[in-house]
Each structure stands twice: as C-alpha cells, then as structure tokens.
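Here's the structure we're looking at; comments come further down.
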Protein chains: 2
Amino acid sequence: MKILIIGGAGMVGRKLAERLAADGQLGGTAISQMTMYDVVAPTAPAGAKFAVKTLTGDLPAPGETDKLVADKPDVIFHLAAIVSGEAELEFDKGYRINLVGTQNLLESVRHTYDGAVKKPRVVFTSSIAVFGAPFPEKIYDEFHHTPLTSYGTQKAIGELLLADYTRKGMLDGIGIRLPTICVRPGKPNKAASGFFSNICREPLAGQEAVLPVSDDVMHWHASPRAAVGFLMHAATIDGEKVGPRRNLTMPGLAATIGEQIEALRKVGGEKVVKRIRREPDPFIQKIVAGWPRNFDAKRAPALGFKAESSFEEIVRIHVEDELGGKIA
Amino acid sequence: MKILIIGGAGMVGRKLAERLAADGQLGGTAISQMTMYDVVAPTAPAGAKFAVKTLTGDLPAPGETDKLVADKPDVIFHLAAIVSGEAELEFDKGYRINLVGTQNLLESVRHTYDGAVKKPRVVFTSSIAVFGAPFPEKIYDEFHHTPLTSYGTQKAIGELLLADYTRKGMLDGIGIRLPTICVRPGKPNKAASGFFSNICREPLAGQEAVLPVSDDVMHWHASPRAAVGFLMHAATIDGEKVGPRRNLTMPGLAATIGEQIEALRKVGGEKVVKRIRREPDPFIQKIVAGWPRNFDAKRAPALGFKAESSFEEIVRIHVEDELGGKIA
C-alpha cells in the first residue's frame, strides 16, 4: 500500500506519519511506501520499515498535484491548509491554497486514475468552521453550512467538491470535520483557535500563556491522538457504509474555558493554572463568537470514529505523549 | 441606475428584462441603462425608455467578466448557467460555466469596485438542487446542502462564495434558490426538470407531451412571473435585514404530478389532459429521485418574497402570459 500525506510537515501530518511508521500497516494491509509533502520540509518518522520520501513544493502551482499522484498512491491524506486566522487576513492566499490546491488535487486524481478499477481513498480534513452562528444548542449532522470565515468557506467548498467527485466515481473521498485539536504540541501556529492549546501546553511546561477570551467560552475539542485515529479510520472505512454524504462531523468533547482550567488544575495543580494570564483580544473574540460550541454528532460515532470523553483525559494524553509524564 | 443581466437570453432573463423595460425603474430608482449578456444573442425588450445593450460572449473566458462590469453597474443579475441535465453529462463544461464563470464574476466585481463606497448588489440565482435526498418531509431553512448532482454542487459553491465575498465587503450579494420554474414557455431546454413544464405547456398548445415519471412524484414550483418578482425583490431588499446568511430558499408550491394534471384538467379540460403520454425514463427518474419535494421556507416569505398558492394559479398565469388566454 502506497500512502501520500499532503501537509506532512504539520502537527497532525507528522503524528499520522509516526503512527503509520510504528504500525507498518493500515487497515491490515502492509505499507510499502509513504510520501510526505508540504511547503516546508517534512521530517520522515524514525524507524519506518518502508521507504519514506519527503518532498516540498507549492501545492496549487500548475502541474504540482499531477506530480504528487503520478505513482498512484492507494490512500491520499489531504491535510494541507492555510489556517483560519491567516486565511481571514490573507484572502487570496487562503483561496489559492485551500481552494485551488484542493481543486487541483481532485482534478489530478481524476485524470491519473482514469480507467483504473480501484480509485484511491482521499481523506480530506475539513473543519467545524464550515458552521456559522447562530447555532442550535448542539449542532446536529443535518445543520447547514453557513461559515463566517473564509477558511470555513474554503473547507465547505472542498467538502462539496469531494462529494461530487466521489459521486461521479472519479475518486473515493471521505471528508472529516475535525474538532479543534487540543492540546497542540510545539509552537503556536497562526490559527485563531491557538489559545485553546496554549493555555494548556505552556503552563504545563512552566511557561506563561495568554487567554484572550472569557471563561464561559465553550468549544469542541479532540486530542492529536484522536485526530490521528480519525484519519486512519477514514482511510479504511467502507465507503458503501458511508453513502453519498461523504463529509462527517467527527466526535469530540465540548468544554468551556472554565472546564479546561479545572481539568488543568486536577492534572497539574494550582501552580500550573496561575501561569494563565487573561488578556482579552477583540479580534480573536469576534472570530470565536462565530464558532461552534457543541455538537450532537451521531453519524461519525455510529461509523466507528472515537474521541475523548473528558477534558482531563485530553490533558493527560498531552502529558503522556508530549511531556514524558512530567509537569513543570 | 445601471443594470447588468448575465444570462439575458434565457427565459427568466428575458422576462426580467421585459418587466424592467415596462417599469422603467427598479425599487423606485429610474433605470438609465441595461446590458443583457449571454452566450447567444439576447433580445432587447421592446419599448424600453432607457438604453439597452446586448452582448454575447463566453463568461469564464479570461478578462470577460472584467469587461462586463467595467462600467460599474449598480445591480448585477447572474442568471447564466449550464442546466442540471447538461451539467451532469458534461462535467467539465458544467464546472467551467457554473463555477469558474461565477468565481470570475465575483473577482471582477471585487477588483473593479475596490475602494468604492457603494458595492453593487449581485443577485445570484441558485437552485433547490443544492439539497440532496434523503430529506425531511419539508426541507427547512437550516437543512444542510448535500447535492446529488454536479449542478447542485456548483450552485452550492456559488452560494458559499457569494456569502464570503459579501461578508468581506467586496460586494453585496443575495442568492435565491429558485423552485423549478413552471410553466416554462418556449422550447424544452436540457434541464432534467423540463417535463414538469412540458406536460402543461404542450397539451395546452394542442401538442402531445411525454411524462417520464409517475403521478406521485412531488415537486416544488413557482411561475416565471413569480421568479421575476423574486429577482426584483432580491435586487432591492435591505441587505442588513437579510444578515450574513445571504442565500435564501424562495417560497413556492409543492404539487404532485397528479395534482398538476388535476389543475390542467380544471383549466383546460379532459382534451388537454389526454395529450400527456406516459413514457417512463430511468435516467430522468434517477435524477428526480434525489430532488426536493416540499419545503418549509420561512425566511424568504418573512423578507417579502411571494409565490403562488395553487398549481391552478400557475397554469392560469401561463395561459394569461403566454397564450393570450387561449387554450388549444
């Protein structure tokens, strides 16, 4: 089985690659080669027993996606994106990467596999940003997509294209709407949602973190470990069972900032919580006000996707996976 | 007030132009000029007291939309589209006109009016084809968009782009999801929904018509006269009242084929009904099975959009507007 990860240098792409290297197989089929692609050089995971190629490039550049799929991977993970805050500030850049990049990928797959009996599974990471306020108390699977950001718009369009190309038999797509991934390891990125992770990661590592919103802000989370699980399940799930509605809201956990802080206190104590500094930011507040708070995601769990059941579990996964069990 | 009608040679575009010519104004403002554009030559309406320009061209061709909006129209009606049946058979052609054409138009407006205090109202005709089965008994305004045709996919993407460009202040868009327009005058077009009109229009004119689906097929209709009313209302409605959800399901009338035939019988008698020939068509049946049947459209009527209340009214409007009151 040949695997392509577009966006392989990102946090989720890297963790996915590490997991695939450790497993050596996906859905019971041995992996023979893996290509990791991104705008900056991806890092090949240590200890892979199959060939790993790392490539850099500009996804929406003419011919780029043709080259990427030329050796006909069996599974394509499309994780590459300009994140929400940046796509909102840089309109053209966001559309170029998030829309044109995705369009080009789908077109390249369509033409490269033309006539092939088996089409590749294309796993597209969408986002809960496809939903825009006002919301029902819990967003149900049939709720409409009226995004309030350009990022959410681009993801919603990607979903529509993925479903249409799949319906036409040009490829075999599954779109997964990721919750906000928390706790993100590493440095803050430009996502407007970064603070949800920052206020956990930095204090647990002995650093101060800025909280730009109030304690009653509720949001929808899953751990990086859960996100990798979603991707692997999306790569192997029976498309017939999913049916023509190929885009799924992933399960997750609704928590308020206050509940996040309580979970931090349980895991790390008062010294950790004291490292959170409140500094309201109207730009972030305005973006977050248009974001989902809670979901009633029924289809994805019924199809076997699994997430955490408490924020404390999310914090403990971070301490285990990223800090070797040690809190500063 | 300067008006641009893209898709001015189509049935709805022509009727809109005739109505604007007769009124001489739109929303209380005198019309100073009107441009009608299409891939085939539009016909200028008779008796207009303002200048009417007719243009032909290929909407998605590079530079085309720049030329169209160069003189900064105040209202742009974007009605041009490859219809559902044709877009389903010709994948590339459908995406080129329905997606690239719309994208280019929005980009041209964005750049041409850059810095202008007043942005143009862009009225985009979307479609109930943005919805895909399975449906609730009546499709509510918040139901999600999971189209089962490429045409519906392209319209759903157009809606998303229109809302995002509007949200960013680049233009002032209103998208209207038209019911199936019935009774369409003139010759059948390639729309898969054509038979809904054919079985009324042809028998009323003394001709035989083919019915490819069964009597219990229910669908959602509005007359051409109502469609023109929707467009004019969409051109003048206060955007603040509409809010960020710029795409609206228009009101309409749910009727089964059986109810259509009953209405025909009332208006034209048994001789008219006898001209309908049943000839099941699996290709049409499959497309129609994925289409909406009935709606609970609340927002649009609350915002002042009006449709017919019986299919008999729809038939009588056709006899009045198209047949000079005479039934063959």
Treating only the Cβ atoms of Lys and Arg (+1) and Asp and Glu (-1) as charged, compute the dipole magnitude of the protein assembly as shown about its Cα centre; round to the nearest 20 debye.
-> 80 debye
Nonlocal amide H pairs with A:LEU26, under 5 Å, H built at 1.01 Å | A:ILE31
Taking a ≥ b ≥ c as the square roots of the eigenvalues of the Cα gyration tensor, with a/c under 1.5 meaning rounded and otherwise prolate when a/b exceeds b/c and oblate if not, the stretch A:1-157 is prolate
Listed residues A:VAL288, A:VAL117, A:VAL273, most fluctuating in chain A (Gaussian network, C-alpha, under 10 Å) = A:VAL117
With a ≥ b ≥ c from the Cα gyration tensor eigenvalues, square-rooted, and the rule rounded for a/c under 1.5, otherwise prolate when a/b > b/c and oblate otherwise, the stretch A:232-328 is oblate
Tilt, helix B:101-112 to longest principal axis of chain B (alpha-carbon atoms), in degrees rounded to tens, equals 30 degrees
Positive end of the charge dipole of chain B (Lys, Arg +1 and Asp, Glu -1 on Cβ, about the Cα centre): tell me which of B:PRO62, B:LEU264, B:THR236 has its Cα farthest that way.
-> B:THR236
Size of the dipole of the stretch A:131-272 about the Cα centre, Lys and Arg at +1 and Asp and Glu at -1 on the beta carbon, nothing else charged, in debye to 20?
-> 420 debye
Other copies of B:LYS266: label-to-label distances in nm, shortest first, labels 7 Å along the beta-carbon direction | 6.4
Once amide hydrogens are built 1.01 Å from N within the peptide plane, the residues lying 5 or more places from A:VAL210 or on another chain with amide H under 5 Å from its amide H are A:ARG277
A student applying the Cα gyration tensor rule (rounded when a/c is under 1.5; otherwise prolate if a/b is larger than b/c, oblate if not) would label the stretch A:54-103 prolate
What's the center-to-center distance, using Cα atoms, between the stretch A:49-122 and the stretch A:204-272 in Å?
-> 26 Å
Largest fluctuation, A:PRO179, A:PRO244, A:PRO292 only, Gaussian network model of chain A with Cα springs under 10 angstrom, belongs to A:PRO244
Computed, not fitted: 222 nm per-residue ellipticity of chain B from DSSP H runs ≥ 4 (each -39500 (n - 2.57)), nearest 500, equal to -11000 deg cm²/dmol
What angle do you read, to the nearest 10 degrees and between 0 and 90, between the alpha-carbon axis of helix A:311-322 and the longest principal axis of chain A?
-> 70 degrees
Antiparallel DSSP beta bridges within the protein assembly as shown, as percent of all bridges there, nearest 5 = 15 percent
Antiparallel bridges, percent of DSSP beta bridges restricted to chain B (to nearest 5) | 15 percent
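Readers should treat all values here as calculations from the given coordinates under stated rules, not as data from a laboratory. These figures come from a predicted structure and were not determined experimentally. Here the Cβ is made from the backbone with ideal geometry for all residues, glycine too, and neighbour counts use every protein chain on show.
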